[in-house]
Amino acid sequence: MKTVTLTRPWTLLLIAFVIFIQIIALTPSKLEEESEVRDQETLLSETEVLEALLPGDRILAPNIPKSKVPDYHTQQYRYLSLQGGVKQWKLQAESANVYNKEKLVHSKDVVIELYDSSGLTTWVTGDEATYHFNEKEVELFGKVKIKLADGFQVDSEYLKYLTATRTLEIPTSEFVHGYGKNAEKNRMLDFKSRGMTFDQVQNEIDLKRDVIFDMTRIGKDPPNTKIESDFSHIDRNSQTALFVMNATTGKNKFVKLNQTGLYVQSRKMDLSYSNRPEVVDYLVARDDVYIEEKKKNKITKTATSQHARFDNRENLIILTQFPQVYQDKNTVTGDRIIINRDTDLIEVEESNAFSKGK
């Protein structure tokens, strides 16, 4: 009988094989349990992902696909719009979700830079924004602030930016508050309205409803001018504002101006808020004009006409188109009447009537 002798390497290999079989065969449950624990620690359900990316109690933007996991989620999101190699606008956000099928980006903590052809920048910030690639529209929600290049600011809770026309729109359902100084920095402007449109190309603002416009001269004891109207168109280049009433509001509706010692109402008013030397008439009132002058809260003089100019240099009121002035039971009429507010003198051109009260 022959005896087989194993060399040392083969002996070690056999021992290692036996140990491996024992591990696999005798302790499978422990390895499986450890694998299950690791899976539970690293994998999140779709619901948990949605809750992390779309915390429902903080979403302001409507029509976000809340039941769908975004195709992309990114921090420090950046988007730059170019046209012919020229920057049009740029969006920056702390975070953003991208939905490819809906062609939608939903971002949070947003800053948008809007560039105009002269190189000036309008800044817009908001809590949230959505960008619709098909419509080329950006909508902002929550604590929306617009800061124009000259520092004038507008606050609202909602804004739509139409990228094709460079127009900012706020519907009449939203309250708007604008404030800042004029170009010469010697007048404070403040307006409130329901709804607004800002044409970035023309540099013009439309206040759509329930307008209250305040202008205060900066200096000692400045007179405050307050105008109320249904609608206002503001040309920021010429620093003028048109105020009108809607045609359907009835015959008793007027644009109203209140100032220290002066009350004016009419169907339309044009106001210049510039202090440039070439500006003569800071206010023109048209159609069914009625004026009251007051001293110590007492009416001292009233006037009516179809057209009234307020001369800023000479402190004059020039009345035309059937003007009449009433003072101390006296009535003056003529083709053109000039009231000097400093001297209280009345000048009548081509007077056709004078009535003295008893």
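The values are calculated or read from the model by the stated rules, or taken from the named source; none is laboratory data. Note that the structure is a prediction, hence the values are computed from the model and not measured. Cβ placement follows ideal geometry from the backbone for every residue including glycine, while neighbour counts extend to all protein chains displayed.
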Query raised in the report: Of the residues 305, 274, which is hydroxyl-bearing (Ser, Thr, Tyr), under 30 Å from residue 235 (Cα atoms), in a strand (DSSP E or B) and touching a Ser or Thr at 6+ places or on another chain (Cβ under 9 Å)?
Result: 305
Requested in this report: Can you give me the number of residues within the stretch 142-157 that are assigned to a loop (DSSP other than H, G, I, E, B) and in contact with a Leu (Cβ under 8 Å, 6 or more places away or on another chain)?
Outcome: 2
**Report entry** Restricting the stretch 244-263 to residues that are surrounded by 11 or more Cβ atoms within 10 Å (Cβ to Cβ) and either in a loop (DSSP other than H, G, I, E, B) or among the acidic types (Asp, Glu) (or both), the residue that is modelled with the lowest pLDDT
**Finding:** 246
Report task. Just need a number here: residues in the stretch 61-81 that are among the basic types (Lys, Arg) and within 28 Å of the chain's Cα centre (by Cα). Result -> 2
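If we keep just the residues of the stretch 287-313 that are surrounded by fewer than 13 Cβ atoms within 10 Å (Cβ to Cβ) and more than 35 Å from the chain's Cα centre (by Cα), which is nearest to residue 348 (Cα to Cα)?
299
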Query - Number of the exception - residue 94 against (1) exposed (fewer than 15 other Cβ atoms within 10 Å of the Cβ); (2) over 21 Å from residue 158 (Cα atoms); (3) in contact with a strand residue (DSSP E or B) (Cβ under 6 Å, 6 or more places away or on another chain) - result: (2)
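Quick grid of which residues meet (1) assigned to a strand (DSSP E or B); (2) touching a His at 6+ places or on another chain (Cβ under 7 Å); (3) at pLDDT 95 or above; (4) aliphatic (A, V, I, L, M):
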site: 172; (1), (2), (3), (4): yes, no, yes, no
site: 178; (1), (2), (3), (4): yes, no, yes, no
site: 184; (1), (2), (3), (4): no, no, no, no
site: 196; (1), (2), (3), (4): yes, no, yes, yes
site: 215; (1), (2), (3), (4): yes, no, no, yes
site: 228; (1), (2), (3), (4): yes, no, yes, no
Query raised in the report: Limited to the stretch 85-103, what total is found for residues that are over 22 Å from residue 145 (Cα atoms) and in contact (Cβ under 8 Å) with a residue 40 or more places away in the chain?
Result: 1
**Report entry** Pick from the stretch 100-120, criterion surrounded by 17 or more Cβ atoms within 10 Å (Cβ to Cβ) and under 16 Å from residue 74 (Cβ atoms), ranking: nearest to the chain's Cα centre (by Cα)
**Finding:** 110
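Being more than 20 Å from the chain's Cα centre (by Cα), within 27 Å of residue 175 (Cβ to Cβ), in a strand (DSSP E or B) and among the acidic types (Asp, Glu) narrows it down to one of 94, 139, so name that one.
On inspection, the qualifying residue turns out to be 94.
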Query raised in the report: residue 160 is checked against (1) in contact (Cβ under 8 Å) with a residue 24 or more places away in the chain; (2) not in a loop (DSSP other than H, G, I, E, B) and fails just one. What number does that condition carry?
Result: (1)
Requested in this report: Can you tell me which residue within the stretch 121-167, out of those that are surrounded by 15 or more Cβ atoms within 10 Å (Cβ to Cβ) and of a type in the set (Phe, Trp, Tyr), is nearest to residue 203 (Cα to Cα)?
Outcome: 152
**Report entry** Qualifying positions in the stretch 168-186 - of a type outside the set (Ser, Thr, Tyr) and either crowded, with 20+ Cβ neighbours inside 10 Å or closer than 30 Å to residue 64 by Cα (or both)
**Finding:** 168, 169, 170, 171, 174, 175, 176, 177, 178, 182
